[in-house]
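Report on the following structure.
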Ligand code: SAM
């Protein structure tokens with residue numbers, strides 16, 4: 001006979017509502033921790049459906065809080081749900097959910113920024129990078145102050161195929177401040193085009209799948225949220241180390257309203273800035289008068305490939321930091337001034 005796991009028909013038994021759980025365990029949101037909760041289970045069901053078919057999936061939920069999204073994930077017929085929550089006040093409420101879903105919910109009291117998911121699920125789930133994604137998903141509604149650094153860390157993990165991506169092309173669905181969701185998915189030439197757009201889109205297929213109005217949360221945050229779905233690409237659009245891509249992209253967007261040669265020039269020491277920037281743009285075949293927002297991922301690929309060659313020719317180049325050069329220069333000026341006095 002097929003087990004309930006393979007049938008994927010599990011439903012949680014009747015439970016106190018999330019509002020009652022919050023009252024029962026005195027889970028008032030802590031403003032300093034930017035805690036905003038989703039209480040409407042129809043909405044959490046809708047969010048979870050956007051992650052795709054979760055039947056028999058292994059799901060890693062980050063920041064479950066009082067457990068609204070957690071309940072919807074459990075009702076989606078998953079094989080196992082692992083939740084990592086930093087605030088110990090939420091653990092008893094989550095334990096109640098775990099008792100209602102025997103063998104399905106694993107609770108870790110910890111920090112998503114340091115938790116190692118790569119050993120948490122069975123080895124048998126691992127897929128080759130080029131294969132279809134594994135049946136492993138990351139879902140989370142974290143505070144905005146955590147979700148942005150976390151996505152940068154996870155994008156680096158995508159590029160190195162480690163961390164959550166040791167299983168293969170693990171899919172992620174995360175909530176961001178709406179403006180950040182728009183930046184992650186912004187197309188070439190749009191107002192929101194930024195460093196995050198390039199970093200996410202060179203490694204993943206990125207979709208802004210849902211906007212959640214601020215009033216859906218308790219307490220209501222000042223801004224709306226955007227839910228973003230990421231599927232790592234089989235072949236990244238730029239084949240250079242993450243830190244190198246990050247440096248080129250960061251410099252390009254340094255002066256976002258100016259021509260791109262201004263920001264890209266900051267990759268090179270002042271003494272040879274003009275010459276090296278000209279060489280970079282010429283070899284990469286990029287028009288110096290394009291604005292950073294007008295550069296495509298393919299432009300960035302050419303720029304990163306040429307910059308990589310220039311770094312190979314000059315081993316000191318990658319370590320060069322224009323802010324450090326400016327600091328040294330102003331220190332010298334200060335020293336000169338104090339000698340004169
Ligand atoms: N997922 C719940 C919901 O949608 O109602 C709670 C959302 S609340 C915005 C964010 C949750 O993430 C809180 O429960 C908070 O304690 C937790 N959290 C914040 N930082 C965390 C971290 N570094 N590691 C794990 N959990 C964290």
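The values are calculated or read from the model by the stated rules, or taken from the named source; none is laboratory data. Since the model is a prediction, treat every value here as computed from it, not as a measurement. Positions of Cβ are generated from backbone atoms using ideal geometry, with glycine treated the same way; all protein chains shown enter the neighbour counts.
There is at least one residue in the stretch 112-131 that is within 10 Å of the ligand (Cβ to nearest atom) and either in contact with a helix residue (DSSP H, G or I) (Cβ under 7 Å, 6 or more places away or on another chain) or closer than 24 Å to residue 210 by Cβ (or both). Does residue 213 count as within 11 Å of the chain's Cα centre (by Cα) and either buried (at least 23 other Cβ atoms within 10 Å of the Cβ) or closer than 21 Å to residue 34 by Cα (or both)? No: the conditions fail for residue 213.
If you go through the stretch 282-296 and pick out every residue that is in contact with a helix residue (DSSP H, G or I) (Cβ under 6 Å, 6 or more places away or on another chain), buried (at least 16 other Cβ atoms within 10 Å of the Cβ) and in a helix (DSSP H, G or I), you end up with 2. Of all residues in the stretch 30-50, those that are within 8 Å of the ligand (Cβ to nearest atom) and free of Cβ contacts under 8 Å to residues at least 40 places away in the same chain total 1.
Based on what the data block shows, is residue 59 in contact with a strand residue (DSSP E or B) (Cβ under 6 Å, 6 or more places away or on another chain), more than 10 Å from the ligand (Cβ to nearest atom), at pLDDT 95 or above and within 21 Å of residue 112 (Cα to Cα)? The answer is yes for residue 59.
If the condition is being surrounded by fewer than 18 Cβ atoms within 10 Å (Cβ to Cβ), more than 26 Å from residue 35 (Cα to Cα) and touching a residue at least 60 places away in the same chain (Cβ under 8 Å), then the stretch 162-210 contributes 188, 189, 190, 191. Just one of the listed residues (12, 105, 39) is farther than 23 Å from residue 145 by Cβ and at pLDDT below 95, namely 12. Counting only helices (runs of 4 or more DSSP H) that fall entirely inside the stretch 172-270 and contain at least 2 residues that are outside the structural domain of residue 41 (by the TED database), the qualifying elements are 242-252, 260-265.
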